[in-house]
Amino acid sequence: MELTIKRFDKLTLQELYEILALRVSVFVVEQGCPYQEIDGKDPFCYHVFLRDGDGIQAYLRVADAGISYDDAPAIGRVIARRRGCGLGAQVLAAGIGVARTRLHAGKVRIGAQTYARAFYEKAGFRQSTAEYLEDGIPHIGMVLALE
């Protein structure tokens, strides 16, 4: 499995196509949630993904501070093609590393689907908001202190 970390303007057309196809297949189609998946934030993100011979297997984006949250970078669109085999945790660790080393962040924020709380807690995130609905799906704000 090869780890790739790229700013938006460095993605190839093939990589961008695979990323968007994976995101839409899970967040829109599988979850039955019609929403504006292409939200204008991608140009202000690092795109972090694991790829093998069959394509992108896990993905997330790390948004610069000021894009999703004023005070911190955000990790979002966390996805693994195959669940339960550690790829999500692996790409999340890489995304945290991007926030720490490339964005020099003191903390990272996420808006997590509530069912995934334990997954993010294993990486050190702590709930920071009450539950709220986003696109009809329960979410919670979470924060990870990096200092």
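Nothing in this text is a laboratory measurement; each read-out follows from the coordinates by a stated rule. As the structure is a prediction and not an experimental result, all values here were calculated from the model. Neighbour counts run over all protein chains shown; Cβ positions are idealised from the backbone, glycine included.
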Exercise for the section: Return, ordered by residue number, the residues of region 55-81 whose backbone nitrogen is under 20 Å from a label point located 7 Å along Cα→Cβ of Val29. Expected result: 55-60, 77-81
Fill in the blank from the handout: For Lys41, counting only lysines whose alpha-carbon sits under 26 Å away and dropping same-chain residues fewer than eight positions off, the answer is Lys6, Lys10, Lys107
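Could you tell me which of rounded, prolate or oblate describes the chain, using a ≥ b ≥ c as the square roots of the eigenvalues of the alpha-carbon gyration tensor, with rounded for a/c under 1.5 and, failing that, prolate when a/b is larger than b/c and oblate otherwise?
Values: a/c = 1.36, a/b = 1.14, b/c = 1.19.
Rounded is the answer for the chain, as its axis ratio a/c remains below 1.5.
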Problem - Over region 1-144, relative contact order from alpha-carbon pairs under 8 Å, at least 6 apart, % - result: 18
Handout entry: Efficiency of FRET from Cβ geometry, Glu121 and Leu16, R₀ 22 Å, rounded to 0.05
Key = 0.10
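Expressed in nm to one decimal, what extension gain is obtained for the pair Ala89 and Glu134 from 0.36 nm per residue of sequence separation less their Cα-Cα distance?
Details: separation 45, 0.36 × 45 = 16.20 nm, distance 2.32 nm.
Stretched fully, the Ala89-Glu134 segment lengthens by 13.9 nm.
Rg over Rh of region 1-49, using C-alpha atoms and the Kirkwood radius, what does it come to? All intermediate terms of the calculation are to be shown ahead of the outcome.
Numbers: Rg = 11.6 Å, Rh = 11.7 Å.
With Rg and the Kirkwood Rh in hand, the quotient comes to 0.99.
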Practice task
Once you've got the GNM for the chain with C-alpha springs shorter than 10 Å, pick whichever of Gln57, Gln31, Gln90 has the biggest mean-square fluctuation.
Solution key: Gln31
